[in-house]
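K.L.:
There's a structure below that I have some questions on.
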Amino acid sequence: MIEVDKLNFTYPGVPRPVLAGISVCFQAGGITALIGPNGCGKTTLSKLLVGLLRPDSGTIRIDGEDIAGLSLFQIGSRIGYLWQNPNRQLFAPTVEQEIGFGLANRGVTAEEIAADTEYWLDFFHLSHKKGALPLRLSLGEKQRLALGAVLALRPPYLVLDEPTGGLDRRCRRELGQLLRRLAEEQGCGILVVSHEKEFIRQYADREVELL
């Protein structure tokens with residue numbers, strides 16, 4: 001469980017807080033949609049959850065542990081994060097190397113890297129693209145690749161910032177089905193920051209609204 005308790009955050013030079021006294025819990029093994037109007041702090045909260053921003057006050061706990069004492073690497077091993085623009089996360093020369101990069105940095109054996117890479121290539125329907133340059137993929141393929149690279153490290157939680165932006169109906173459906181598989185088959189706790197009402201209605205188990 002991710003617990004947010006009385007969280008406050010204000011950007012430098014901004015007179016009013018973006019988030020004031022926010023308390024909410026996000027469960028493992030389901031999909032929660034974080035909704036609300038533009039400017040209400042959805043993306044800010046997602047960045048606070050993964051340690052990209054630090055709160056002015058209040059606490060965030062992952063399975064009971066306060067993240068204030070954790071490094072970005074330690075937080076990232078527990079909460080995977082998908083940026084709204086997947087281009088920001090892709091840098092390897094091939095799709096296959098993109099997924100295996102994080103594993104290699106953890107000292108995982110070559111055999112384990114190969115097995116895990118093949119698993120996620122198959123899971124995200126990218127096996128036929130494993131030798132391709134990531135930045136030449138379609139938007140939907142780039143997004144699935146970025147997810148595969150994050151999930152290869154097996155974080156129990158996943159945060160996605162506006163993942164349906166720019167995707168056509170087919171790609172949105174494919175993404176939703178893959179997220180449901182992650183939640184139901186692997187027990188991944190997924191938080192989706194979104195304003196896409198149809199996507200939320202079809203795939204989310206719960207909605208949390210920021211005002």
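K.L.:
Kindly provide the set of residues from region 130-145 that are open to solvent by less than 60 Å² (accessible area, probe 1.4 Å), in a helix (DSSP H, G or I) and over 22 Å from THR32 (Cβ atoms), ordered by number.
P.N.:
PRO134, GLY140, GLU141, LYS142, LEU145
K.L.:
Could you count how many residues in region 185-211 are under 23 Å from ARG154 (Cα atoms), of a type in the set (Asp, Glu) and without any contact (Cβ under 8 Å) to a residue 40 or more places away in the chain?
P.N.:
Here the count works out to 1.
K.L.:
Does region 121-128 include one or more residues that are within 28 Å of SER194 (Cβ to Cβ), open to solvent by 20 Å² or more (accessible area, probe 1.4 Å), at pLDDT 90 or above and in a loop (DSSP other than H, G, I, E, B)?
P.N.:
yes
K.L.:
Determine if region 201-211 includes at least one residue that is at pLDDT below 90, open to solvent by 50 Å² or more (accessible area, probe 1.4 Å) and touching a Gly at 6+ places or on another chain (Cβ under 8 Å).
P.N.:
Scanning region 201-211 turns up at least one residue that is at pLDDT below 90, open to solvent by 50 Å² or more (accessible area, probe 1.4 Å) and touching a Gly at 6+ places or on another chain (Cβ under 8 Å).
The values are calculated or read from the model by the stated rules, or taken from the named source; none is laboratory data. Note that this is a predicted model, so its numbers are computed, not measured. Every residue, glycine among them, receives a Cβ derived from its backbone with ideal geometry; neighbour counts consider all protein chains shown. Surface areas here come from the heavy atoms of the whole protein model, side chains and all, with no ligands, DNA or RNA. Shrake-Rupley method; radii C 1.70, N 1.55, O 1.52, S 1.80 Å.
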